[in-house]
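The block underneath contains the structure these notes are about, expressed in structure tokens.
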Amino acid sequence: MYKTYTEFLYGLKCLWFRLYRLLSQTDTAFKKQLLMNIKLTAVLVFVMVIRVGAASFGQQVTLKKDRISLEQLFKEIRKQTGYNFLLSGAKIKTQSVISVDFKGTPLTEVLDKVLTAQSLDYSIEKQTILVVPGKTSVLDKIRSFFLRVNVRGRLVDENGDALPGASIRLKTGGLGTVSNTNGDFYLPNAAEQDSVIITFLGYRERRLAVKADLGTIALMPANQALKEITVSSGYQSILKERATGAYDQLGQNVLSNRPVSNPSTALQGMVAGMQAKENADGSVSFLIRGSSSIYGDRAPLVVVDGFPVAKNDFSTINPNDIESVTVLKDAAAASIWGARAANGVIVIVTKKSKNGKPGLTVNANAFTRISKRTDVNELIPIASSAEQIGLERTAFQNRWVFRETTGSFDNDLLKPQTLGQELLYANKNGKLSTAAMNAGLDSLSRINNQGQIGDLLLRRAVLSQYNVDFSMIGDKSKSFASLLIEDNKTRYQGSGYNRYGLNFSNEYSFTKFLTFNFGLYLQYNKQTSSGATPAELRSLSPYETLLNPDGTYSVNLNTFNREVLSGLPLNDFPYADLSYNLLREVRGRDFKTQDYNARIQTGFNVRIIPGLNFDTRLQYERGKTEIDKYYSDDTFYVRNMVDQNLEYFPDTRTVGRQFLPKGGIGQNSTANAASYVFRNQLNFVRDFGAKHSINAIAGMEISQYRTDTRDNPWLYGYYPDKLQTTVPPYGYGSSAEQIIGLDGWETELPGGATVPGYGLDRYISYYGNAAYTYDRKYTISGSIRTDASNYITKISSLRWEPLWSVGGLWNIKGERFAENINWLDRLSLRVTHGRNGNVEKTTSTNTLLTVSTSPSITTGTITAVISDNGNPTLRWEKTTTTNVGIDYVLFKGKLNGKIDLYNKKGTDITGTIALAAATGTTSQKFNNAGITNRGIEVELGTQLKLPGIPVTYSTSLNYAYNKNVVNNLYYPSLTAAQMLDIPNAVVQGRPINPVYSFTYAGTIDGVPQVAGPNGQPGTFNSDALTRGLGAQFLNYEGSAIPPHTAGWYSTFGYRNLSLSVLFIGKFGGVYRNDTYNYNFAYVGSRKTIANRYISDVYAGRTDIPPFPKANETNLYLWDRYVPYLSGLVESSSYIECKEVMLNYTLPPSVMGKTRLRNVKLFAQLRDLGLVWTANEKGYNPDWLPGTDRPLATCTFGVNIGF
């Protein structure tokens, strides 16, 4: 039945038009008679309609209710109008709850609005309203026959981003589909009077009248916890509600609030099970769900816009271009990446132009980060000058000497001493009085060089970043471009870089079924690294200054014994000045590195039929690195090298041939990398009816990664301003033409030949992935992929190992028993099982030789040594993973999270296996080992808005536990030295990076001891125990990789102000504290510098040895034991406040007075320090004293939208 007069009359009009065309083909007499009957009938029908309509139109209804059942509504209408209701059909549900708001509304209009929405019809007979299930009348059928349309549209979220995978169906037609990756959808042959119903998990349902072009349709989120509803595997986008695998996703709500230089920094502490280790430059290395390989790469695969990035290098990505990051953790999530997915996959999706009004939008971002000054005492943990002088006096008196200097040229020229030792030996040799010696030592003990080091070699690190991006939308084209400029001055004066990045992407629609995509990223990085290094700083005695009071360079001892050197005829040498000073060295050199990187992505997408499309895509990446090092002849490096490479006759104190010319030295090397990935893929995404959904892909790809390196011959006698070089006049030295240097030994000049390097990896892959969802409640998925490579064995049964996964998801919330639980928004159970692979390239299928570059001095011929005996069955390392997970959202999005349990079993892992010596070697790497990882991951989030006040609070807490064990490794005879060697120790039954220790057993006759086999003491003065079987007496302390990790990210909001705080924590691991370097207690044989832990020895600490007894000559053996004593092992558990972020967004009332779209001001504090630590000294176990730990920084910036 028609609900309105307009529809009724429109139907009559259509019927009249059909009849008119029919009558035009009949004779005139019959036509007149028929027309008269039709007109009379039409008049009678019209009168009847008017009569009934007038009676009902006179009744009006006033009612406003948020929740009212149809039964209650019918009673209320009867009360107000006197009309009774009669229901026809058992399918009419009177308990359906609706909301109504009518004020003086005619009865027929009320019935039209209410009953139409419930798919019901009605008729009015006198004072009775007959309600019946909706039917399609004959006139409807005739009308719809002529009024079918093809419906098109595009779905976006509230930010304008495409929504792939949304369900679109007709209300009565039964036809349905899903939106593609661009959010587009197409429904053919829809009746004009029908309605389009659009649903998407986490978003409010939309109902729209049918028309040919629905345009861009924005869906609004139902709540924030369900807002992020798609995940990207790099090959396809998948609805989160239908994703069976273990994923974690970070969007703009997190990424945009963390100003960083390297994108990896923004991921730290945000994903459960992804353990982060920060590097000195602030970048972060990741380990997902434990170590899956012994010698292979353990880092996850990094993917940008569907393609792997060369070397997994985050630094080639502009952090401002990132739209979202998805972490794939289990087999179902990552198996599509096959042989490179065992370590997990990090999928980065970059920003593209968002749909909206045609035109240009611009965003600009700028910030400056300033660090605190370096604590020199933490960077260089050496003893104070007083402690150093005290040690030198004690060592000299107790005769702690080893190969003591006698002042001879042959033995002692290259035995540098300290300034303190020079005074002691000058007094011993009668060249300095005792009073003068004591005065000199006392003077040295009062010097502290840390002030000069901080002022002349260090500084505050300052990083400035500027980024602007442009988004342009046209009729058929969408473009996005960004420009990055970054200037970084590190803490070391003379070191830093300038980085420039350009990004461009374009999507052009040639037709409705053909789309072209193009992307380009260019980056140039110019780095200087001439500044001092931590190792160079630690080579200074605490009393060695950089400048004298008069501003001249002071003395820093290096390489030569000055007493012996003074006896040489230095005026006959090419350089008479062989003094060393670190500041002078830094100022006299120029180290530059230039990195070029280009990445191009392009392809076509062809829509074949609704839901089915074909993708062909290509990525080509090219990189080049040029390293140029120049040492002027003002550096000790040049003067020392030139003077040492000459003939000297000590008997006559005369100089012979000079093998190197005077002048600077230039060193240059280049590395070129080129790679491509070519992929063809079919995508099928479609809903069938309201209950069936399929998402499937199938494809193949080929890829190649090539590297070429070259170390060029050195430039001697080099003056870059004159472009002048000189070839060594007597060649570079060989067995045929030997060069005898200053010390009387045969030598070869470095840099005499070009040293090339080459690497080539090729892959071919076939893959498929499919998921079927029934009734939005049950999903099953499957994936299979097989890879082959040029470096895997040629045995086909091992080369083409299939890697696969299966999974299932149950949407419990969709069940009847759960759908009425109001506090439960989402509850899903996931189960997956599958196998991934890993690349291990430290061994070869064939025996490898390392060939010498010049004839041997001994044999006079080219020689070679075996570098790898070969692994003829080299194959993919495989990891089989089982994962069970639960996802939940509760209390209308106020509480959300997930729990995952997993078991990863690695097989065919490359391990070092013991062999019988009769094979020609005692060990070799084979695919015989195994690794097991078991763990749990928990994530909990809240989103709260306090009632009555504009305050919000959101938090995300993640926790992970991983138990890692190496198994099936056959190497039963590990020595103590091998077991103590972190990170190279691999022990069956223990985790990767196990920590072992000796039990300290005190001293016997002044010589320290450790407990050996059966508890018998073993002396420090012999290394016999280190060569024994370590399992018999070493203590297992735990894992150097903490098994427990946690991250807590919270944001407080008040109006336009927000404050975010990030805490990270690691628990359950152990580490070794540093201790006093006893072997540096020697005097008379080399420059020895005590570290700061000498204070523990002075304090009489009982779990480490005391100072040695007098005349001890075996101190050089003590470092085989001292660093590994059990008393030095402590828990590595800690909690750190990683960053605090403050944002302020200008309110719309202010922005309305400008032409700006938005303005955000922000400030950040990072690396604030430890909140709690389990060790006694309050150390950060990841950054012990003496390491180049990241400095605490303060960042200020602004983001402006035009």
Query - Single condition D787 does not satisfy, out of (1) surrounded by fewer than 18 Cβ atoms within 10 Å (Cβ to Cβ); (2) of a type in the set (D, E); (3) within 43 Å of the chain's Cα centre (by Cα) - result: (1)
Query raised in the report: Is it fair to say K892 is under 30 Å from N820 (Cβ atoms) and either modelled with pLDDT under 90 or surrounded by fewer than 20 Cβ atoms within 10 Å (Cβ to Cβ) (or both)?
Result: yes
Query - Condition met for A698 (touching a residue at least 40 places away in the same chain (Cβ under 8 Å), in a loop (DSSP other than H, G, I, E, B) and closer than 30 Å to N811 by Cβ) - result: no
Report task. Can you confirm whether segment 556-571 contains a residue that is surrounded by 14 or more Cβ atoms within 10 Å (Cβ to Cβ), of a type outside the set (D, E, K, R) and farther than 24 Å from L424 by Cβ? Result -> yes
Query raised in the report: On the given criteria, is E544 surrounded by 14 or more Cβ atoms within 10 Å (Cβ to Cβ), charged (D, E, K, R) and either without any contact (Cβ under 8 Å) to a residue 40 or more places away in the chain or not in a strand (DSSP E or B) (or both)?
Result: yes
Query raised in the report: Within segment 176-212, restricting attention to residues that are modelled with pLDDT under 80 and aromatic (F, W, Y), which residue is surrounded by the most Cβ atoms within 10 Å (Cβ to Cβ)?
Result: F200
**Report entry** Pair list, Cβ under 8 Å, 6 or more apart: segment 314-333 residue aromatic (F, W, Y), other residue in a helix (DSSP H, G or I)
**Finding:** F314/P263; F314/S264
Query raised in the report: Could we say that Y732 is buried (at least 19 other Cβ atoms within 10 Å of the Cβ), at pLDDT 90 or above and within 20 Å of T861 (Cα to Cα) here?
Result: yes
**Report entry** Residue among V131, V231 that is modelled with pLDDT under 85, crowded, with 20+ Cβ neighbours inside 10 Å, more than 35 Å from the chain's Cα centre (by Cα) and more than 16 Å from D687 (Cα to Cα)
**Finding:** V131
Requested in this report: Evaluate segment 604-613: report whether one residue or more is touching a Gly at 6+ places or on another chain (Cβ under 8 Å) and either of a type in the set (D, E, K, R) or at pLDDT 95 or above (or both).
Outcome: no
Query - Only listed residue being in contact with a Phe, Trp or Tyr (Cβ under 9 Å, 6 or more places away or on another chain) and surrounded by 20 or more Cβ atoms within 10 Å (Cβ to Cβ), chosen from I665, I702, I694 - result: I665
Report summary line: N365: passes all of (1) surrounded by 20 or more Cβ atoms within 10 Å (Cβ to Cβ); (2) part of a loop (DSSP other than H, G, I, E, B) but (2)
Report summary line: T405 vs (1) buried (at least 17 other Cβ atoms within 10 Å of the Cβ); (2) over 41 Å from the mean Cα position of the chain (by Cα); (3) part of a helix (DSSP H, G or I): all pass except (3)
Query raised in the report: For the subset of segment 371-395 comprising residues that are surrounded by fewer than 16 Cβ atoms within 10 Å (Cβ to Cβ) and touching a residue at least 60 places away in the same chain (Cβ under 8 Å), which member is farthest from F1196 (Cα to Cα)?
Result: T394
**Report entry** strands (runs of 3 or more DSSP E) enclosed by segment 932-1016 - at least 2 residues per element that are free of Cβ contacts under 8 Å to residues at least 24 places away in the same chain and over 20 Å from T910 (Cα atoms)
**Finding:** 1000-1004, 1007-1011
Report summary line: The one condition P259 fails out of (1) modelled with pLDDT under 85; (2) farther than 23 Å from A334 by Cβ; (3) surrounded by 20 or more Cβ atoms within 10 Å (Cβ to Cβ) is (1)
Report summary line: Picked from segment 617-654 (must be of a type in the set (S, T, N, Q) and outside any loop (DSSP other than H, G, I, E, B)), the residue surrounded by the fewest Cβ atoms within 10 Å (Cβ to Cβ) is T654
Query raised in the report: If you scan segment 761-777, which residues turn out to be loosely packed, with under 15 Cβ neighbours inside 10 Å and either modelled with pLDDT of 90 or more or in a strand (DSSP E or B) (or both)?
Result: R762, Y774
Report task. Name the one entry in L1057, L1062 that is within 30 Å of I949 (Cβ to Cβ), surrounded by 21 or more Cβ atoms within 10 Å (Cβ to Cβ) and among the aliphatic types (A, V, I, L, M). Result -> L1062
Report summary line: Flagged in segment 1106-1136 as crowded, with 17+ Cβ neighbours inside 10 Å, part of a loop (DSSP other than H, G, I, E, B) and among the polar types (S, T, N, Q), in numbering order, are S1132, S1133
Report summary line: V1083: passes all of (1) modelled with pLDDT under 95; (2) surrounded by fewer than 21 Cβ atoms within 10 Å (Cβ to Cβ); (3) not basic (K, R) but (2)
Requested in this report: Could you tell me whether segment 657-664 includes any residue that is under 43 Å from the mean Cα position of the chain (by Cα) and among the small types (G, A, S)?
Outcome: yes
Query raised in the report: Any chance segment 442-457 includes a residue that's closer than 30 Å to A1163 by Cα and hydroxyl-bearing (S, T, Y)?
Result: no
Query - Subset of segment 1158-1202 [under 25 Å from the mean Cα position of the chain (by Cα), hydrophobic (A, V, I, L, M, F, W, C), more than 22 Å from V462 (Cα to Cα) and not in a strand (DSSP E or B)] - result: L1184
Requested in this report: Keeping to segment 1029-1074, report how many residues are outside any strand (DSSP E or B), free of Cβ contacts under 8 Å to residues at least 60 places away in the same chain and hydrophobic (A, V, I, L, M, F, W, C).
Outcome: 3
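The values are calculated or read from the model by the stated rules, or taken from the named source; none is laboratory data. Computed from a predicted structure; not experimentally measured. Cβ sites come from the backbone with ideal geometry, for glycine too, and all protein chains shown count toward neighbours.
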